[in-house]
Amino acid sequence: AEPWEGVLVQAGPLTVTSIEAFGEFVVEDASGNSIRVDDELFDWFADPDLQHLCPGATFTSIAGPLHFTFDNFKLEPRSRADFVDFEFSACGSGFPTPDQLAAGDLFVTEVMVDPAEGPDASCEWFEIHNASGQTVDLFGLELRNPQVGGSTSAWRVLESVVMPANGYAVIASG
């Protein structure tokens, strides 16, 4: 793996096959070869054009240095310019997403943090109420939790979760 570490590569055309945890997604070329795309150098999820990325989205190409970590080669795009000609028509439910709503349209009604029984990773959850008066898709919703010392942890909804008007949804991992 080390001889390829840091080599600038460009791959394409590509189709997104899955959105993973830790700011990663997996793409596949026409031959069925796949590689992870990571956010170590560029936070693609914070980009207004890329944050609605989903399985089925396509790119003409993605470029960046190659990195090997956690037993995987990962492509590390450096900026928005490394993502060429993307098409998200396969994405989304057609309902408004959180970034299209007004403050107060969605709010957290219950939270389970640090449960007495079970590990945090599989037993923590939160409930959201949709007060917007319209059906919404929670895809792309990001919740931030300020930590002691000034850092922030974030949790993102990485798949389509359609909520009816005035409905509730429980979001959990694991």
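The values are calculated or read from the model by the stated rules, or taken from the named source; none is laboratory data. Remember, predicted model here, so these are calculated numbers, not experimental data. Using ideal geometry, Cβ is built from the backbone for each residue, glycine included, and neighbour counts are taken over all protein chains shown. Only protein heavy atoms, including side chains, enter the accessible area calculation; ligands, DNA and RNA are left aside. Shrake-Rupley method; radii C 1.70, N 1.55, O 1.52, S 1.80 Å.
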Problem set entry | Top of Gln147, Gln134, Gln51 by mean-square fluctuation, Gaussian network on the chain, Cα under 10 Å | Gln147
Seminar exercise, completed: Under the Karplus relation with 6.51, -1.76 and 1.60 and θ = phi - 60°, whole-Hz ³J(HN,Hα) for the range 53-69, x at Gly and Pro, equal 4, 8, x, x, 5, 10, 10, 5, 6, 9, 10, x, x, 8, 10, 10, 8
Exercise. Can you give the accessible area per residue of the range 97-150, in Å², using a 1.4 Å probe?
Worked result: 60
For this session: For the range 42-61 and the range 62-133, write down the distance between their C-alpha centroids in whole Å.
Result: 11
Seminar exercise, completed: Heads up, the range 54-147 by the C-alpha gyration tensor (a ≥ b ≥ c square roots of eigenvalues; a/c under 1.5 rounded, else a/b over b/c prolate, else oblate) looks oblate
Seminar exercise, completed: the chain, convex hull of Cα, quarter of hull surface, nm² -> 12.0
Seminar exercise, completed: With a 1.4 angstrom probe the carbon and sulfur portion of accessible area for the chain, in percent, totals 52
Exercise. Expressed as a rounded percentage, what relative contact order does the chain have, with Cα pairs under 8 Å and six or more residues apart?
Worked result: 18
Exercise. How many nm is it between the label spots at Leu101 and Asp49, if each spot is 7 Å from the Cα in line with the beta carbon?
Worked result: 2.7
Exercise. Suppose every K and R has +1 on its Cβ and every D and E has -1 on its Cβ; what is the size of the dipole of the range 108-174 about the Cα centre, in Debye to the nearest 20?
Worked result: 240
Problem set entry | Cβ-based charge dipole, the range 77-174, positive-most Cα from Val113, Leu143, Pro77 | Pro77
Problem set entry | Lys, Arg +1 and Asp, Glu -1 on Cβ, resulting dipole of the range 1-89 about Cα centre, debye, nearest 20 | 140
Problem set entry | Spin-label model distance (nm) - Ala154 vs Val7, 7 Å beyond Cα toward Cβ | 3.2
